[in-house]
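The values are calculated or read from the model by the stated rules, or taken from the named source; none is laboratory data. All values reported here derive from a predicted model rather than from experimental measurement. FYI the Cβ positions are ideal-geometry reconstructions off the backbone, even for glycines, and counts take in every protein chain you see. Ligands, DNA and RNA are excluded from the accessible area calculation, which covers all protein heavy atoms including side chains. Shrake-Rupley method; radii C 1.70, N 1.55, O 1.52, S 1.80 Å.
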Amino acid sequence: MKKFSVIIPALNEELNLPQLLLSLASQVEKDFEVVVSDGKSEDKTREKALEFQNSLDLKFIECPKRKLTSQRNFGAKSAEGEYLIFLDADYKTDENFLTVLAQDIKTTNADVVIPTTIPSTTSVYWKTYYAIANKCLPLALMFKRPFGVGSPICVKKEMFEKVGTYDDAIYIYEDQYLVQQLFKIGAKIAFSRGKLYFSIRREERDGKFKFLYENIVSTLHLIFKGPIKTEIFKYKMGGQEFKK
């Protein structure tokens with residue numbers, strides 16, 4: 001059994017996925033596999049991923065349903081690691097990411113570890129926004145309302161299966177809801193020093209006000225009404241949404 005399974009849902013990510021896979025191939029920690037769960041991409045995502053077969057323990061699988069939750073769950077079924085790490089295709093890591101993650105798991109004995117996320121940008125606004133968000137997350141845990149920043153999460157596979165995986169009926173904020181469900185069944189949650197770098201392509205496309213509005217609405221809905229199962233606003237996935 002591998003220590004980690006890195007699960008990456010992908011859809012038309014021929015530009016971003018290779019950067020993530022390259023950063024994973026450079027990891028100091030080698031006890032991991034990568035599962036790319038593709039949503040029937042129409043570009044060269046498959047070809048680009050398979051270029052890393054010799055440098056990574058890589059599985060490329062095609063999910064029958066094109067949806068983030070479905071692709072993550074489908075990828076988890078093929079995963080053999082003790083811990084599952086869910087990353088989006090537009091993330092990158094430094095070479096010590098998995099090493100630090102393993103150290104934090106050992107130190108905290110946590111079932112769920114949430115990495116530190118850093119936007120790949122020169123924008124002071126977005127750097128400040130996510131720096132504040134990273135600082136506030138542990139406070140939310142104190143109030144028994146745990147949150148994560150976006151999609152990245154490391155979870156013990158047996159806990160993930162115990163909670164019933166991602167709820168496929170949820171429209172958006174399925175990642176936040178998963179963290180809360182894990183907390184409810186007694187999973188120990190910790191925050192890692194391991195750093196992930198992510199594209200702010202969605203933030204830049206939508207703009208500050210639209211992005212903040214949608215996140216505030218989604219957060220309040222999750223807290224006071226529960227999981228979001230209706231299309232409260234448009235949210236499209238896939239790298240094709242950001243190609244110029």
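Residues considered: Leu222, Leu212, Leu196, Leu182. Of these, the only one that is at pLDDT 85 or above and either assigned to a helix (DSSP H, G or I) or open to solvent by 40 Å² or more (accessible area, probe 1.4 Å) (or both) is Leu182. Filtered by the rule that a residue be within 18 Å of the chain's Cα centre (by Cα) and among the basic types (Lys, Arg), the stretch 26-63 gives a lone residue, Lys59.
The residue pairs whose first member lies in the stretch 52-77 and is in contact (Cβ under 8 Å) with a residue 12 or more places away in the chain, whose second member is of a type in the set (A, V, I, L, M) and assigned to a loop (DSSP other than H, G, I, E, B), and whose beta carbons are closer than 6 Å, counting only pairs six or more residues apart or on different chains, are Leu68/Met237.
Are there any helices (runs of 4 or more DSSP H) wholly within the stretch 1-120 with 1 or more residues that are within 19 Å of Cys154 (Cβ to Cβ) and open to solvent by 30 Å² or more (accessible area, probe 1.4 Å), and if so which? Let's see the steps before the verdict.
On the way: elements: 17-25, 45-50, 68-78, 97-108.
It comes to 68-78, 97-108.
Each residue in the stretch 199-209 was checked for being among the aromatic types (Phe, Trp, Tyr) and open to solvent by less than 20 Å² (accessible area, probe 1.4 Å), and 0 pass. Restricting the stretch 121-173 to residues that are charged (D, E, K, R) and at pLDDT below 75, the residue that is most open to solvent (accessible area, probe 1.4 Å) is Lys144.
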